Amino acid sequence: MTELSPSLELRGGSRIPQLGLGVYKISNDEAPDAVASALEIGYRHFDTATLYGNEQGVGEGIRRSGIDRGDVFVTTKVWQDAHGYDETLRSFDDSLEALGFDEVDLYLIHWPAPLQDRYVETWRALLRLRDEGRAHSIGVANFKQHHLERLIDETGEAPEANQVELHLRFQQPELREFHREHGILTQAWSPLGRGKDLDQPAVLEVAGKHGCTPAQAIIAWHLAIGNVVIPKSVRPERQRENFDAIHVALDEADLAAIAAIDTGVRAGKDPDEFE
């Protein structure tokens, strides 16, 4: 029997596998094989987006596997060129058509794009999609606390998840605490720090202690603190290495050593500025 990732419960009641496969910068042609190999290993969570241009390939990989659609958790996202109520509904329909699905498990606003000042309208469209049952769960990505507070203040509803840049040098403890207080699940993109965290002395020490790779030690840290994590790889051997991090159990000393790496410095784009 294939071993699966542990899962977490979203506020609306759906369960999301805590370890998934991100497919950013995987081409549409590569995506079916990458998804199929990941499914064979045990992945049941795939994170795509309109921007990635590979929704069709992700859907094809799932169908090719023969695994029931209901056993696979799929996330996609609306890009900021489709912000606005009607525009978002049309973009969602386009995503469903590309995926070849009748619904998605989680639909996210990819970035707040605050200069457009339309993310609240976009959020209202997501609320409708959830109420219609076409998106089982809804959330956002790259939202800072003040963006989240505005959604809550103006609509009365918090996202179920927020997918943000989160790695050892940028751990976002204040935002994670805000998430906990409001029932928002934290998802981490760039969980390995674009590879720059792998040679941190504390990571190497933890990996040596547990007989695992540095990547496994970092993924195990994310899992231990309650993050959903979506490392990317098209190579089956790397997918397997990342997945096997579910067997690495870190202790409090390990978690403290890794937490001390945090610099508070963002490596990616600032959500207040990126349009």
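Some points to look at:
- The single condition among (1) acidic (Asp, Glu); (2) within 18 Å of ASP272 (Cβ to Cβ); (3) assigned to a loop (DSSP other than H, G, I, E, B) that ASP102 does not meet is (2).
- Condition check for PRO191: within 21 Å of PHE243 (Cβ to Cβ), touching a strand residue (DSSP E or B) at 6+ places or on another chain (Cβ under 8 Å) and in contact (Cβ under 8 Å) with a residue 24 or more places away in the chain: yes
- If you go through the stretch 88-120 and keep only what is over 22 Å from GLY57 (Cα atoms) and in contact (Cβ under 8 Å) with a residue 60 or more places away in the chain, you end up with TRP111, PRO112, ALA113, PRO114, LEU115, GLN116.
- Of all residues in the stretch 190-199, those being out of contact with any helix residue (DSSP H, G or I) (no Cβ under 8 Å at 6 or more places or on another chain) and either farther than 16 Å from ILE230 by Cβ or among the polar types (S, T, N, Q) (or both) number 2.
- Residues of the stretch 1-33 that turn out to be of a type outside the set (A, V, I, L, M), assigned to a loop (DSSP other than H, G, I, E, B) and over 18 Å from ASN162 (Cα atoms), as a count: 9
- Selection status of PRO17, touching a Pro at 6+ places or on another chain (Cβ under 9 Å) and more than 16 Å from LYS232 (Cβ to Cβ): no
- Among (1) open to solvent by less than 20 Å² (accessible area, probe 1.4 Å); (2) closer than 16 Å to TRP123 by Cβ - the single one GLN145 does not satisfy: (1)
- In this entry, LEU115 passes the filter for residues that are farther than 23 Å from ALA188 by Cβ, of a type in the set (A, V, I, L, M), more than 18 Å from the chain's Cα centre (by Cα) and not in a helix (DSSP H, G or I).
- Candidate set: the stretch 41-58, residues that are assigned to a helix (DSSP H, G or I) and without any contact (Cβ under 8 Å) to a residue 40 or more places away in the chain; chosen: the one surrounded by the most Cβ atoms within 10 Å (Cβ to Cβ): GLY57
- Filtered residue count, the stretch 245-275, keeping only those that are among the hydrophobic types (A, V, I, L, M, F, W, C), free of Cβ contacts under 8 Å to residues at least 60 places away in the same chain and not in a loop (DSSP other than H, G, I, E, B): 4
- Residues in the stretch 10-34 that are free of Cβ contacts under 8 Å to residues at least 12 places away in the same chain and of a type in the set (S, T, N, Q): none.
- All helices (runs of 4 or more DSSP H) inside the stretch 156-244 with 3 or more residues being aliphatic (A, V, I, L, M) and open to solvent by less than 10 Å² (accessible area, probe 1.4 Å): 201-210, 214-224
- Annotation for the stretch 181-188: at least one member residue is free of Cβ contacts under 8 Å to residues at least 24 places away in the same chain and closer than 30 Å to ASP153 by Cβ.
- Residues satisfying the stated conditions in the stretch 19-40, i.e. buried (at least 21 other Cβ atoms within 10 Å of the Cβ) and within 24 Å of LEU223 (Cβ to Cβ): LEU19, GLY20, LEU21, GLY22, VAL23, ILE26, ALA34, VAL35, ALA38, LEU39
- Unmet criterion (only one of (1) under 24 Å from LYS25 (Cβ atoms); (2) free of Cβ contacts under 8 Å to residues at least 12 places away in the same chain; (3) not polar (S, T, N, Q)) for PRO201: (1)
- Pairs meeting the criteria (first residue in the stretch 59-87 and assigned to a strand (DSSP E or B), second residue small (Gly, Ala, Ser), beta carbons under 7 Å, at least 6 apart or on different chains) are THR76/ALA49; THR76/SER95; LYS77/ALA49; LYS77/ALA141; VAL78/SER91.
The values are calculated or read from the model by the stated rules, or taken from the named source; none is laboratory data. Bear in mind that the values here come from a model prediction, so they are computed numbers and not experimental data. With ideal geometry, Cβ positions are generated from the backbone for all residues, glycine too; neighbour counts draw on all protein chains shown. Just so you know, the surface numbers come from the protein's heavy atoms only, side chains and all, with ligands and any DNA or RNA stripped out. Shrake-Rupley method; radii C 1.70, N 1.55, O 1.52, S 1.80 Å.
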